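The values are calculated or read from the model by the stated rules, or taken from the named source; none is laboratory data. As the structure is a computational prediction, the values presented were derived from the model and not from experiment. Cβ sites come from the backbone with ideal geometry, for glycine too, and all protein chains shown count toward neighbours. Quick note on the areas: whole protein, heavy atoms, side chains included, nothing else; ligands and nucleic acids left out. Shrake-Rupley method; radii C 1.70, N 1.55, O 1.52, S 1.80 Å.
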Amino acid sequence: MAMEGYKAAELEPKWQAFWQENGFYKAERDPAQKKYYVLEMFPYPSGKLHMGHMRVYSIGDVLARFLRMRGFNVIHPMGWDAFGLPAENAAKQHGADPGEWTAANVKLMKEQMNALGLSYDWAREVATCSPEYYRWNQWLFLLFYKNGLAYKKKSPVNWCPSCQTVLANEQVVDGGCWRCGSEVSWKELEQWFLKITDYAERLLEDLSLLEGWPEKVKIMQENWIGRSQGTDIVFTVKETGDRLEVFTTRPDTLFGVTYMVLAPEHPLLPKLIAGTPQEQKIRDFVQQIRRESEMTRTSADAEKIGLFTGASAVNPVNGEEIPILVGNYVLMSYGTGAVMGVPAHDQRDFLFATEYELPVRVVVNPPGEDLTTSPLQEAYEGTGTMVNSGEFDGLPNEEGQRAITDWLIQRGCGGYRVRYRLRDWLISRQRYWGTPIPIVYCPQCGPVAVPEEKLPVLLPKGIDLTGTKQSPLLESEDFIKTRCPQCGREARRETDTMDTFFCSSWYYLRYADPLQDELPFDKKEVDYWLPVDQYIGGIEHAVLHLLYSRFFTKFLLDQGLVKIKEPFQRLLAQGMVYKDGAKMSKSLGNVVNPDEIIARYGADTGRLFILFAAPPERDLDWNEQGVEGCYRFLRRVWRLFQQNMVLFSGEAGEDGDPPAMPPLRRVEEELQRAQHYALKKVTVDIEERFNFNTAISAIMELVNAVYSYFNETGEDERKRFAPFLREVFRSIVLLLAPFAPHITEELWQRCGYKESVHRQRWPVYEEKYLQSDEMEIVIQVNGKVRGKMLVPVDSPEGELLAAVYQHERIRPYLEGKEVVKTIVVPGKLANVVVR
RNA sequence: GCCGAAGUGGCGGAACCGGCAGACGCACUUGACUCAAAAUCAAGCGGAGCUCGCUCCAUGUGGGUUCGAGUCCCACCUUCGGCACCA
């Protein structure tokens with residue numbers, strides 16, 4: 001009889017339809033059950049899944065399926081990060097409606113996801129571009145606004161000339177736009193910001209709660225927040241009497257200050273230079289700096305330029321007068337926009353002072369050295385003893401930091417200060433395809449929030465996106481013209497839309513209650529399902545999306561809308577997918593699409609390979625032959641079952657009644673050990689280590705073990721041990737089920753089981769089957785392996801050593817030597833040290 | 001420059017607590033089946049030496065700790081990632 005071959009193309013759609021029709025992956029709140037929230041970062045609906053998607057979603061699906069089998073009430077939702085620039089560009093290029101274009105893409109990608117056999121609860125699907133969703137963006141924006149956390153201000157902002165919109169700091173990568181790479185320039189614009197800086201300390205502190213996050217991501221966030229503890233010091237401008245504040249982390253070097261530098265944008269600057277001979281020169285300089293992009297201006301190798309203003313500042317600690325300069329390297333956006341120059345103890349200042357022939361004064365001596373006697377060759381940035389510092393001389397400089405700051409506090413000219421590198425989050429975008437910011441400008445009342453019951457402010461349709469106005473919404477008179485919600489007079493709407501990261505900062509909460517139309521989500525649902533227990537996504541969001549989401553969660557906690565401090569309990573940052581060592585890209589022509597893989601081998605093979613080729617957090621190289629290998633493995637499993645279906649039929653027990661199975665022999669016991677070893681290994685690898693690659697290899701080993709068992713035994717033995725072999729076969733299917741859901745469902749059904757394999761409990765290993773009465777131990781002499789032997793498991797050390805000394809391979813090494821020491825590691829090895 | 005991660009066969013990768021380095025897979029070689037091929041099954045597969053049983057060498061480099069180091073410590077090299085005038 002010809003054996004039926006493995007036909008993925010037939011069985012995969014069959015089972016996908018079956019799961020769908022039977023609502024297999026619907027999740028319901030059930031306080032009696034322990035929940036588990038598995039979430040993968042939702043995609044932008046570009047129209048096509050790529051390998052990176054296939055990888056994240058495969059990882060998430062294995063976890064979701066595994067955890068269901070472990071008995072958790074698993075929520076595994078999916079949706080669409082559907083606002084954004086590509087839809088708008090498609091509209092410009094092909095005249096498509098962004099909404100229709102997006103909807104068509106969503107449909108395509110959803111089909112692809114289903115073809116991969118991903119176990120999503122589609123009843124919870126959300127699309128951020130639907131009014132039912134973005135309405136709550138607006139609602140949340142107003143909540144921020146009412147709490148003083150959303151504000152508008154005019155400031156120099158990052159501008160991407162190609163995307164024609166502003167960018168948040170987090171979205172500027174190496175001086176270029178995160179999306180298109182174009183060099184980012186400056187623009188002075190009135191823009192909406194969210195006050196994420198109010199949460200800087202908590203965002204930093206609570207990183208310690210995130211035990212399940214990769215250290216790397218936490219460090220990146222820590223650096224981004226950039227907390228720095230220091231002192232604010234008030235100098236006085238001699239000529240005008242103005243206060244001039246600086247921030248420093250080295251107040252101990254205050255006596256070493258020999259000049260001061262202001263940022264070109266410093267508000268005091270025009271006053272300082274007014275009417276001086278150098279006024280015009282400095283104005284030109286400032287103009288020139290402002291035209292430069294942030295990239296040029298802040299790149300580390302840009303030349304440091306300083307110009308003397310002619311004014312001088314008075315050092316509060318010693319009344320000394322020092323020159324005030326203006327410099328291109330001082331940033332208005334950090335600290336106070338003014339820095340004190342201490343050339344002796346800061347290498348940057350040292351180089352600058354040398355260039356401009358400013359004095360260098362040592363105020364900290366390294367232990368056992370005196371730097372004051374000869375000219376410095378470089379700055380001394382280390383610790384030491386204070387000198388040239390009046391009453392503070394002789395103090396260790398760390399103490400001096402406190403002493404000087406306290407001294408300043410007493411005289412009202414300074415104090416301790418913590419500063420952050422983090423800036424407020426700029427959320428305005430001059431784009432069409434985004435959430436309209438729900439604000440109305442009234443000539444009488446100023447900016448007014450759109451009342452809650454008037455939400456959503458709908459995005460108008462039929463806008464000419466090829467227009468040249470600052471923002472596409474300015475093209476629509478119908479949209480702009482409105483009435484003031486307060487006084488009813490004619491007013492105009494805000495035309496900026498929100499950064500799409502706003503949408504993705506809370507979508508994981510909406511999944512808990514996706515149809516809710518009274519609130520963004522019902523607290524009851526969110527309190528049950530949240531936090532996300534396992535979040536999976538790309539490392540590229542280490543700062544952006546993950547920081548914003550943490551910020552939202554903390555704000556919502558303060559507002560009493562959620563009761564969690566952190567949204568994502570555990571985070572898995574998966575690596576990238578490469579092909580032949582290079583990034584997959586159209587220009588290289590090395591793109592492999594999930595579609596092709598599904599068509600050629602089936603989803604199960606594709607999933608298996610992408611999980612087998614590398615551990616999830618590492619980069620993965622796509623290799624066609626590796627895919628073949630996984631395909632071969634699945635066919636091998638298929639054949640194994642097809643050839644042994646008799647085990648599952650009545651024929652196994654010839655007489656009809658269940659035959660008494662004879663006691664297992666050594667060969668069966670070994671197979672049983674392999675079985676339970678795999679049960680243990682796969683469980684631990686998925687649950688504790690996310691090492692799907694080694695989990696899969698353990699299943700392969702078990703299959704290999706079955707093959708070799710069959711090689712060593714005959715037909716009748718298989719029949720005799722059928723009940724045992726059935727258990728082994730069941731284990732294989734169950735272990736493989738999360739990875740290859742279709743083939744396992746088919747095999748399970750063919751074995752005669754009625755209920756789905758995905759509704760089974762995860763098999764549990766038994767320690768007793770892992771043990772053997774004999775073990776092979778390694779014998780070493782002086783730490784080198786010299787032999788092996790089989791010993792009873794719990795043979796006492798003495799007996800074991802006696803056997804070692806008698807061992808024919810070992811004896812030659814011991815002859816004429818003195819045994820100095822012996823080491824016995826139970827179950828592993830015996831080492832004899834001789835001299 | 002600062003912070004972080006990683007360097008293991010021809011390749012992807014194992015080795016979890018310091019205990020047989022190279023699991024599993026790919027590629028390759030050989031045998032069986034076949035008219036032949038594919039598929040499949042079986043066997044081999046880090047390097048060198050040789051009396052074919054072993055011996056020596058081998059986890060980026062150089063040191064160290066230890067009976068024993070891919071694993072721990074010190075220094076260095078290389079690659080990748082993040083930050084980068086942050087006062």
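Here are a few things to note about the model shown:
- Filter on A:K218/A:K563; A:K35/A:K563; A:K218/A:K565 - keep pairs with C-alpha separation over 18 Å: A:K218/A:K563
- A:V591/A:E205 FRET efficiency (R0 41 Å; Cβ-Cβ; nearest 0.05): 0.40
- Unit charges on C-beta of K, R, D, E only; dipole of chain A, Debye: 1040 debye
- Using C-alpha pairs below 8 Å separated by at least 6 residues, the relative contact order for the stretch A:564-723 is 24 percent.
- Dipole axis of chain A (+1 Lys, Arg; -1 Asp, Glu on Cβ), positive-most option in A:H94, A:L422, A:V286: A:H94
- Annotation: for a label point projected 7 angstrom from Cα along Cα→Cβ of A:K14, residues of the stretch A:720-743 with backbone N closer than 20 Å are A:730, A:733-734, A:736-743.
- Each of A:M576 and A:S46 was given a label point 7 Å from its Cα along the Cα-to-Cβ line. The distance between the two points is 1.2 nm.
- Between 0 and 90 degrees, the angle of helix A:279-291 with respect to the longest Cα principal axis of chain A falls at about 20 degrees.
- Percent accessible area from carbon and sulfur atoms, chain A, protein chains only, probe 1.4 Å: 49 percent
- Peptide ranges A:558-570, A:722-734, A:205-217 listed from the most packed, as the mean C-beta count within 10 angstrom indicates: A:722-734, A:558-570, A:205-217
- For the stretch A:228-419, the square roots of the Cα gyration tensor eigenvalues, ordered a ≥ b ≥ c, give a/c of at least 1.5 with a/b greater than b/c, which places it in the prolate category.
- Between A:E767 and A:R636, the distance separating the two model label sites (each 7 Å from Cα on the Cα→Cβ line) works out to 3.2 nm.
- Multiplying the residue separation of A:K454 and A:L331 by 0.36 nm and subtracting their alpha-carbon distance yields 40.1 nm.
- Among beta bridges that DSSP assigns inside the stretch A:773-834, antiparallel share in %, nearest 5: 80 percent
- Cross-link partners for A:K754 among the aspartates and glutamates, with Cα-Cα distance under 16 Å and sequence neighbours closer than 8 places in the same chain left out: A:E745, A:E746.
- Burial order of peptide ranges A:498-506, A:414-422 (average beta-carbon count within 10 Å, highest first): A:498-506, A:414-422
- Three-way shape call for chain A based on the alpha-carbon gyration tensor, with the a/c threshold at 1.5: oblate
- Rolling a 1.4 Å probe over the heavy atoms of the protein chains gives the stretch A:644-769 an accessible area of 45 Å² per residue.
- Quotient of the Cα radius of gyration of the stretch A:773-834 and 2.2 N^0.38 Å, N being its number of residues: 1.01.
- Extension gain (nm, one decimal) between A:V418 and A:L108, 0.36 nm per residue minus Cα-Cα: 106.6 nm
- Rule-of-thumb Rg ratio for the stretch A:644-769 [Cα; 2.2 N^0.38 Å; N residues]: 1.07
- All lysines inside 18 Å of A:K583 as judged from Cα atoms, apart from same-chain residues fewer than 8 positions distant: A:K48
- Here is how the number arises for chain A: DSSP H runs of 4 or more residues each give -39500 (n - 2.57), the sum is divided by the residue count, and the result at 222 nm is -11000 deg cm²/dmol.
- List A:H742, A:H50, ordered by accessible area with a 1.4 Å probe, largest first: A:H50, A:H742
- Accessible area of the stretch A:284-400 divided out per residue, in Å², using a probe of 1.4 angstrom: 50 Å²
- Gyration tensor verdict on the stretch A:492-540 (Cα atoms; rounded if a/c is under 1.5, prolate if a/b is larger than b/c, oblate otherwise): oblate
- Taking the Cα centre of the stretch A:693-816 as origin and assigning +1 to Lys and Arg Cβ atoms and -1 to Asp and Glu Cβ atoms, the resulting dipole is close to 400 debye.
- Entry comment: accessible area of the stretch A:146-212 is 45 Å² per residue, from protein heavy atoms only and a probe of 1.4 Å.
- Taking the Cα centre of the stretch A:773-834 as reference, the dipole from Cβ charges on Lys and Arg (+1) and Asp and Glu (-1) amounts to some 420 debye.
- The angle separating the long axis of helix A:131-146 from the principal Cα axis of greatest extent in chain A is about 40 degrees.
- Cα-Cα over 24 Å, subset of A:K152/A:K271; A:K216/A:K828; A:K110/A:K523; A:K681/A:K828: A:K152/A:K271; A:K216/A:K828; A:K110/A:K523
- Mean separation of Cα contacts under 8 Å, 6 or more apart, over the residue count of chain A: relative contact order %: 14 percent
- Principal-axis tilt of helix A:603-612 within chain A, Cα atoms, nearest 10 degrees: 70 degrees
- Dipole of the stretch A:773-834 [Lys/Arg +1, Asp/Glu -1 at C-beta], most positive-end residue of A:V793, A:V824, A:Y813: A:Y813
- Hydrodynamic radius of the stretch A:1-151 per Kirkwood, over alpha carbon pairs, in Å: 17.9 Å
- With contacts taken as Cα pairs under 8 Å at a separation of at least 6 residues, the stretch A:773-834 carries a relative contact order of 41 percent.
- The calculated FRET efficiency for the pair A:E190 and A:S697, based on their C-beta separation and a Förster distance of 56 Å, comes to about 0.45.
- Extending 7 Å from Cα along the Cβ direction at A:E669 and again at A:A599 yields two label points whose distance is 5.4 nm.
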